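Here the structure comes first, spelled out in structure tokens, and everything after it is commentary.
The values are calculated or read from the model by the stated rules, or taken from the named source; none is laboratory data. As the structure is a computational prediction, the values presented were derived from the model and not from experiment. In this analysis, Cβ positions are derived from the backbone assuming ideal geometry, glycine residues included, and neighbour counts consider all displayed protein chains. To get the accessible areas, we keep the full protein, side chains included, count just its heavy atoms, and leave off ligands, DNA and RNA. Shrake-Rupley method; radii C 1.70, N 1.55, O 1.52, S 1.80 Å.
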Amino acid sequence: MDQMSRRFALFILSVAVLCLVVSVGALGLRSIGLLERNVRPILETNALVVTERVRDRIESAVAMGIPYEGLAQVDEYLDRALEGSHGISSIVLASPSGVEMYASGRAQSNQTRTEAEASNSSQQAEPDRLRDRGLQVLPASIQNELLRWLSPEMSATGNRARSSTTGNGVVTLPLLTADGTEFGQIVTRIDQTFVAQQLLDAAADILVMVFVAVVLAVEILLVVMSASISSPLAQVARLLNAVVGKDFRRLEKPAGGASMRRAIRAGNALLEALSTRMADLKARIETGLADAADADRMRTRLRAVGAFVEDGRNKIGTTAHLAGVRGAAFLFVMTEELTRPFLPQFISEVLGSGPAPGFDGMDSTILIAVPISTFMLGAAVVGTLAAGWADRVGRRNGFMIGAALASLGLVITAFAPSLAILILARTVSGVGYALCFLSCQGQAIDQTTTANRTRGMSVFVGGIMAADVCGPAIGGILAEQFGFQLALLVAAGLGLLSILLAMRLLDGRDEAAQSYKSTHFGFEPRIVLECMSQPRFLVAALLAALPAKLLLSGFLFFLVPLLLTDIGATSNEIGRITMLYGASALILMSLFSRLCDRFGLHAFMVSVGALLTGWGLVPLAYGATVSAVAWSVLVLGVAQAMSISAQSALFTILAKREIGTYGPGRVLGIYRMTERAGSVIGPLLAGILSQYWGLAGAAAILGGLSVVTGTGFAAFFLVSGLRSEDDDLKTRGTRGYDVETV
Amino acid sequence: MLRLCDPRVAFARWCTLMLAMLCGAGSVQAQDQMPNLCERQHVDGAPHIVMVLWRGPTTVEQGVQAYFGNRDLTFNVTCLSANRDSSRFAQLVEQAKELEPDLLYTWGTSATLAAVGTYEEDAAAFPTSQTPVLFTMVSYPVQSKIVRDFDGSGRNMTGSSHTVPLVSQLKAMQAYRDVTRIGMIFNPREDNSVLNMRELGALTEEIGIELVAIPVPLKEGPTDSPGEPGTDVEAGSGEEEVAEGQPDPSALPELIARIAAQDVQFLYIGPDNFVGTNQETIIGEALSYGIPSFTGTELEILDGDALVGLVTPYYNLGLLNGSLIERILLDGEAPEAIPISTLARFTYIVRMNVALRIGVFPPLDILEFARILEGEAE
């Protein structure tokens, strides 16, 4: 039945995603068509205006008596005319016979190209061709219908009405003296690649938004479906399965829609009636029948009927389920992820241009890093030390306290008047974030057994990764449209929403009901010392775990937003680029972890991941453009998907003996601790580096650092090797025990 | 006595000034139709201004007249012209003193020094303590020691300067054509000219341009110089007999030939009375070698054959002077507290007939913003 409900959920999800992709995709294509239709005439008009302006200037100079061939500094003049106008590739002044006399810089250096362009200009523009090639697979009638819908001005491929003054993207005007004699001509060419570039950019944006929309829709569907359909269905199934299996002890809490609740209540009532009667029967057997042999016989027969509660009172199960964890995790991670694309910029605005009081002599870039680092610090300290406390207050309470703190921190951040308050607010948010994380992780483990724990954890991690994708993209849009402050308040609002969700979906029972104790994660210096005295463990912690998180927080959370703002990207674009990290993790993480487990590639994957990260960042030293930064983020995402999934498994192999003695939680906790240390150091280090080498330089140096540590790690394990007796552990997948995203 | 000015009045005055400046050259034409400021009938009871001028009323005074007209102000003006003879200034100042004006207006460094002297000497020929003085067209009021700085004179006077900063003048030359060498002729007897030459020399050296500056030789004779330090000494016109110890205009063609031999791109015409008086010879000789002249003062390009000029329009300076007169005589502001005024906007002028004659055409960019003079010089 569980299988069936999963298949049912999968079916609904597939249909929903398909509908979404098709409709959003079609809308996107249409908007590209509209964009193209609007951009071309604007470019043509613009080219005409520029050409006329240049023409008027030349004609008036000639009218003053300056000979056409004696005009001074014309190329420079044309260059400047070109500089101020988009979408023009060249302006050429020619003799009446067409011999070139003056030309803008690009036209001079690309003479052959412009010639080729002119001869090709009757051909279709690039995006038209791409789209039409795609449409050719369809029957002709559908092709025409689609084309008409996509670009209403086109009845058939390429039949475009061209402006009469601008034949084929070239504006040509004669140069006339006052009496109308032609003394030359001016030829302006429209930059065809400009249109294509604009359309490609728009297409990329639409693609990204489709992806984000799908991920978001899937998350919402999963939670809603789980709460109203699949989870109640599973309850009914459990009820029926229990009856079939002759287990009449457990009742299910009514959940889902009205009919579903009725069904569950009916089942419950039936079971309760059965239990009461069985208890009655038992009492009668125990008291009413003197014959011991009869009684024994009857007891045996009753046991054969099934398992019943002793006192006739059935225990009601909880509705808490994994999907609830996923929804809660998605929302609380989302609160932070929303702020990613603009937080550094927001902090720098709070700082203003003047020195921050109490922080004299510190460079402003470092000051921007401080609140980001203190968030990490708050999360690290609470994540390491408060696990036991989080267990004691219960999953739901822990989550609600955490979410309230995170939201409070965000509200204070939004109105922070000074850096000191901002630092405090970010620390509070960090503490709240860690509490939410511990509670969700705890419930995910509560809800699963050792057998299905890995899958359970992957449901939880799935929520986090989905938030990594949606958060930055949506946060960027919010910041762009409504400003930083409102985006921060929306994030705080999401935190409050997650409290409501937690009240409904998380386990409200106290400590006794928890199957798992986080105290296993407790911080004990003795165990830290023992693990760290092991060279392999130490090397893996310091050369793999720490640098990986250092790069993530230093580069992605701190440098990327600042760098992109510096280049001139909007919050919108920054959000989409930051999202690439989450997207690659979402797509590749499970693939890499499967590969890693199957072939035992842990150390290899960790080294390759570190080296890839490094080499992805180093090129930024040669100048950062928006696309260069986007590639670096993408490479970082792929590389970290590779190394992060391998790392926790690697540590279970390296510390097999310690895990055997102290349990996996405490030992892996040390690995998490080094990761968190990296997260705290990252922004600060990046801030200090950027003070001396600029933002792009700092990113490249961080990349270099990753190359060095990755090489060191690889060299060490190539020489020392993993312990051979641990081979059996390689495939066991203890990764599921704990996860970390901060 | 200092009277605080009503902000509304100040605003109206400012608006008039700005509007009049915007109308600019158009108004110059309009003013030509009206009777000259100096020739107007005096009106009883109106404040009396005496103007000591170098060569009669100029475009500056047209600007003053326009300001009075726009603001509907009535003043009685008496003009005393030196007719380009600096030796007459002392006599004119005496005359002015006798007229007992409400304000003395002096045109140029020499006239101003003749009236008020330097602050060091503190021996003004004119009773400045009783009657306020407004000076104009003084290129270097600080270097000429008329005032200590531009913040205020500290004496019962204020004034305006037409000088365009030398850095801007250099940039204006470079905008027209590539410049590696600039020629300059100056009168060593004129302090402001020597100061200007030194400043230009320092600036050109800084940006790697060579300055070929040649002083005009002085007529040989007895060494007892009539000129005192800090006093401009001006020559008469070229045809007059040149006094001994004065710059000799007959040497000019040879000086120009020497400069032409150095392959300069521009001949620089500085604020030099001798050069100004002989500009026709100097600029004309240079043109015969195909060398264009650049000027920082309006006269040499409006009335002469300089090719390029970056100038403070005299008319606008006149408008500024008009507002200063209003502030002193009508608003009762203390002149010593009014800063020495300059204009922040300059006009780039190209004389196209000269460009066409020597084939040195203006770049297209300059045609976008320059004022183009197409006819022959007046």
- Message: Looking at the structure I just gave you, is A:Val54 within 14 Å of chain B (Cβ to nearest Cβ), at negative phi, surrounded by 16 or more Cβ atoms within 10 Å (Cβ to Cβ) and at pLDDT 90 or above?
- Response: yes
- Task: Could you tell me whether any residue of segment A:661-674 is within 21 Å of A:Leu636 (Cα to Cα), within 24 Å of the chain's Cα centre (by Cα) and at pLDDT 85 or above?
- Result: yes
- Item | Positions within segment B:163-197 being within 30 Å of B:Leu364 (Cα to Cα) and open to solvent by 50 Å² or more (accessible area, probe 1.4 Å), in sequence order | B:Pro165, B:Val167, B:Lys171, B:Gln174, B:Arg177, B:Asp178, B:Thr180, B:Arg181
- Query: Considering only residues of segment A:63-75 that are farther than 16 Å from B:Ala370 by Cα and more than 7 Å from chain B (Cβ to nearest Cβ), which is surrounded by the fewest Cβ atoms within 10 Å (Cβ to Cβ)?
  - Reply: A:Glu69
- Message: Of the residues B:Ala175, B:Ala202, only one is of a type in the set (Gly, Ala, Ser) and under 27 Å from B:Tyr315 (Cα atoms); which?
- Response: B:Ala175
- What number goes with the only condition from (1) modelled with pLDDT of 85 or more; (2) within 15 Å of the chain's Cα centre (by Cα) that A:Leu562 does not pass? (2)
- Query: Among helices (runs of 4 or more DSSP H) lying entirely in segment A:595-700, which contain 3 or more residues that are among the aliphatic types (A, V, I, L, M) and outside the structural domain of A:Gly430 (by TED's automatic domain parsing)?
  - Reply: A:602-617, A:626-654
- Consider A:Val539 against the criteria (1) of a type outside the set (D, E, K, R); (2) exposed (fewer than 15 other Cβ atoms within 10 Å of the Cβ); (3) at pLDDT 85 or above: it satisfies all of them except one. Which criterion is unmet? (2)
- Query: Among the residues of segment B:38-52, which ones are buried (at least 23 other Cβ atoms within 10 Å of the Cβ) and free of Cβ contacts under 8 Å to residues at least 60 places away in the same chain?
  - Reply: B:Val50, B:Met51
- Message: If I go through segment A:398-418 residue by residue, how many of them are in contact (Cβ under 8 Å) with a residue 60 or more places away in the chain and either touching a Leu at 6+ places or on another chain (Cβ under 6 Å) or farther than 20 Å from A:Val350 by Cβ (or both)?
- Response: 10
- From A:Leu43, A:Leu93, A:Leu78, grab the single residue that is in a helix (DSSP H, G or I) and more than 10 Å from every other protein chain (Cβ to nearest Cβ). A:Leu43
- Note on the structure: Result of the Cβ filter at 7 Å on segment B:356-367, keeping first residues that are more than 7 Å from chain A (Cβ to nearest Cβ) and partners that are in a strand (DSSP E or B) and buried (at least 18 other Cβ atoms within 10 Å of the Cβ), at least 6 apart or interchain, is B:Ile366/B:Tyr348; B:Ile366/B:Val350
- Residue check, A:Ser14 against (1) without any contact (Cβ under 8 Å) to a residue 12 or more places away in the chain; (2) open to solvent by 60 Å² or more (accessible area, probe 1.4 Å); (3) at the interface with chain B (Cβ under 10 Å from one of its Cβ atoms); (4) not aromatic (Phe, Trp, Tyr), all met but one. Which one? (3)
- Item | Lone qualifier among A:Gly33, A:Gly87, A:Gly25 - being in contact with a helix residue (DSSP H, G or I) (Cβ under 7 Å, 6 or more places away or on another chain) and surrounded by fewer than 15 Cβ atoms within 10 Å (Cβ to Cβ) | A:Gly25
- Note on the structure: Only one of A:Ser607, A:Ser593 is crowded, with 24+ Cβ neighbours inside 10 Å and either touching a residue at least 60 places away in the same chain (Cβ under 8 Å) or not acidic (Asp, Glu) (or both), namely A:Ser607
- Task: Determine whether B:Pro339 is more than 14 Å from chain A (Cβ to nearest Cβ) and within 14 Å of the chain's Cα centre (by Cα).
- Result: no
- Could you grab me the full set of residues in segment B:175-202 that are more than 17 Å from B:Thr277 (Cβ to Cβ), in contact (Cβ under 8 Å) with a residue 24 or more places away in the chain and more than 14 Å from every other protein chain (Cβ to nearest Cβ)? B:Thr180, B:Arg181, B:Ile182, B:Gly183, B:Leu195, B:Met197, B:Glu199, B:Leu200
- Message: So B:Gly63 passes all but one of these: (1) small (Gly, Ala, Ser); (2) crowded, with 20+ Cβ neighbours inside 10 Å; (3) more than 20 Å from B:Ile325 (Cα to Cα). Which condition number does it fail?
- Response: (3)
- Message: Of everything in segment A:229-276, what is in a loop (DSSP other than H, G, I, E, B) and of a type in the set (Lys, Arg)? Give them in sequence order.
- Response: A:Lys246, A:Arg249, A:Lys253
